[in-house]
Amino acid sequence: MLAAWAFTSVGSKGSQDDGKPGGSDPVKSITPGPGSSGPAISQQPGGRDESGDSGEDGGSDGGEGDTGTGSGGAPSDGTSTAGADTAGSGTGGSGTDGGSTAGRQVPAGSPLPECKPGALELTLRTKVSYGPDDRPAFDIIARNTSSVTCKADLGPKNVVLTVTEASAENDDVIWSSKDCPANPGPLFLQVPAGATVVHKVDWNRTRSTPDCATPPPGKAAPGTYLLEAKAPDTPLRRASFVLKKD
């Protein structure tokens, strides 16, 4: 009877041992969590363009920040002027002007009325500084404060941009948009009621002279420059920028 009891006790304990450490269950497989949905965030925080927009703005042209007033940017269409490239129309950024809509070029004979001086607000914007290989870009920003869609002439001889050296004792103009434009005629853009459009001008740093005379050789040297925009029946707009040495 003792032998039978011992055999029974050993057999009972053996039936409880399944070869698992501490009698634990197998570890369940870990399934991956849900994957990321939607596109990755590509826009930089803060928001300057502007596009170029870079206040965009450590933009692709290497400038830093903005000077002047207004917001928005416009892509260049590659139309060449003497020392500048211009863009006819584009969309501005969603600044404090309540947003912008696309402005399109219209012929001078368009039935649209011309914007009245009191209804059109012009502002000017450029970046704070440009590297030695950058082309300074100037944005002319037109806002229609009226309730009527109209057309605005932002051509190089109606809205005249000039660049002068800030350190110069005189007011000698380094470059002017009216000196020798490739398209000297008017450039009318449609400006919807309550909307803003932007006209971009890129300067290649060369000097200009009136009536397409041969300009002095060389390009603008590093330094601080003043930018002005002058248009009929509109206050003079100013900004400044720096051409960096390196």
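The values are calculated or read from the model by the stated rules, or taken from the named source; none is laboratory data. Just so you know, these numbers come straight off a predicted model, no measurement behind them. The accessibility values were calculated without ligands, DNA or RNA, using every heavy atom of the protein model including side chains. Shrake-Rupley method; radii C 1.70, N 1.55, O 1.52, S 1.80 Å.
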Notebook entry, point to check: Leaving out ligands, DNA and RNA but keeping every protein chain, what accessible area does Cys180 have, in Å² rounded to the nearest 10, with a 1.4 Å probe?
Noted result: 40 Å²
Margin query: Given a 1.4 Å probe and heavy atoms of the protein chains only, how would you sort Ser176, Ser147, largest accessible area at the top?
Written below: Ser147, Ser176
Next item on the list: Enter the accessible area of Asp66 (Å², nearest 10), with the probe set to 1.4 Å and all protein chains included.
Entry: 50 Å²
Notebook entry, point to check: Any idea of Leu154's accessible area? Nearest 10 Å², probe 1.4 Å.
Noted result: 0 Å²
Check: With the calculation restricted to Cα positions, what are the radius of gyration and Dmax of the range 95-229 in angstrom?
Finding: 16.3, 48
